[in-house]
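Step one of this worksheet: look at the structure below.
The numbers here are math on the coordinates, done by the rules we state, and not lab data. Treat the numbers as computed from the prediction; the structure is a model and nothing was measured. Here the Cβ positions follow ideal geometry from the backbone for every residue, glycine too, while neighbour counts run over all protein chains shown.
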């Protein structure tokens, strides 16, 4: 049962769309491919052999990767899809 201007099943569709968007964003962040570098692409420190074996295609040393992972990507945390405010603007 939908209320107001929404059709039946609209809430479920919004939830499914939000989940699909987040999955697509996560899948876009795939692991590196190709041959691993022996030295870091940023600081040129040697990349340990165990790291190169564990993550094929690695390009950064552990310190540089942790620094890059620590940087937050700005993205909206509010789902405005179907919100009445966004429809009025």
Determine the relative contact order of segment 32-71: mean sequence separation of Cα pairs under 8 Å and six or more apart, normalised by residue count, in whole percent. 44 percent
If we count other beta carbons within 10 Å of each Cβ, what is the order of 23, 60, 37, fewest first? 23, 37, 60
Cα atoms only, segment 32-71: Rg and Dmax in Å? 9.3, 26
Which of 11, 33, 58 has the fewest Cβ neighbours within 10 Å, and the rest in rising order: 33, 11, 58
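By how many nm would the segment from residue 23 to residue 10 lengthen if fully extended, with 0.36 nm per residue of separation less the alpha-carbon distance? Display every interim value, and only then the final one.
On the way: separation 13, 0.36 × 13 = 4.68 nm, distance 1.99 nm.
Taking residue 23 through residue 10 to full extension adds about 2.7 nm, to one decimal.
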